[in-house]
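Before any comments, here is the structure.
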Amino acid sequence: MKKILLFLAFVGLLSVTNSKTIPAAKHPDYVSDEQTAIKIAEAIWLPILGKSIYDERPFKAHLSDNVWHVSGTKPDSAFGGVPMIDIRKSDCKILGVWFPK
């Protein structure tokens, strides 16, 4: 038993000393364009609001300070608000979700 533990410790030591550190590759932004931001917004809104979100089309997205701001649209004569979401461009983190009651 002692030999087995010694052998495992030796193999572990070899694997640590022979491992190479690979620098992290710079990844592209996960939400690189307007269409991707809109698709993510739809995926978040659909379970919350159901298919009624499609009444809020066309969806608009604009980028400001590395954050995509996505919202629905309504005619000027319509009553109520539209769904909105903020998505960080670099890692796709959802920063906030707002929707009308």
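The values are calculated or read from the model by the stated rules, or taken from the named source; none is laboratory data. No experiment lies behind these values; they were computed from the predicted model shown. Cβ: placed from backbone, ideal geometry, glycine included. Neighbour counts: every protein chain shown.
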Q: Please tell me if Trp98 is at pLDDT 90 or above, over 12 Å from the mean Cα position of the chain (by Cα), of a type in the set (Phe, Trp, Tyr) and surrounded by 12 or more Cβ atoms within 10 Å (Cβ to Cβ).
A: no
(Q) I'm trying to understand the selection: among the residues of the range 43-101, which are among the basic types (Lys, Arg) and within 27 Å of Pro28 (Cβ to Cβ)? (A) Lys60, Arg88, Lys89, Lys93
(Q) Which numbered condition in (1) farther than 20 Å from Ile94 by Cβ; (2) surrounded by 17 or more Cβ atoms within 10 Å (Cβ to Cβ) is the only one that Asp55 fails? (A) (2)
Q | Subset of the range 63-79 (residues that are under 18 Å from the mean Cα position of the chain (by Cα) and more than 9 Å from Ala37 (Cα to Cα)) | A | Leu63, Ser64, Asp65, Asn66, Val67, Ser71
Q: Quick one: in the range 1-54, of everything that is of a type in the set (Gly, Ala, Ser), at pLDDT below 95 and in a helix (DSSP H, G or I), which residue is farthest from Ile85 (Cα to Cα)?
A: Ala9
Q) Are any of the residues in the range 55-66 polar (S, T, N, Q) and either part of a helix (DSSP H, G or I) or within 16 Å of Phe99 (Cα to Cα) (or both)? A) no
Q: Can you give me the number of residues within the range 77-95 that are without any contact (Cβ under 8 Å) to a residue 24 or more places away in the chain and either exposed (fewer than 14 other Cβ atoms within 10 Å of the Cβ) or closer than 18 Å to Leu63 by Cβ (or both)?
A: 7
Q: Could you list, in sequence order, all residues of the range 80-95 that are closer than 14 Å to Ala43 by Cα and either of a type in the set (S, T, N, Q) or more than 8 Å from the chain's Cα centre (by Cα) (or both)?
A: Pro83, Met84, Ile85, Asp86
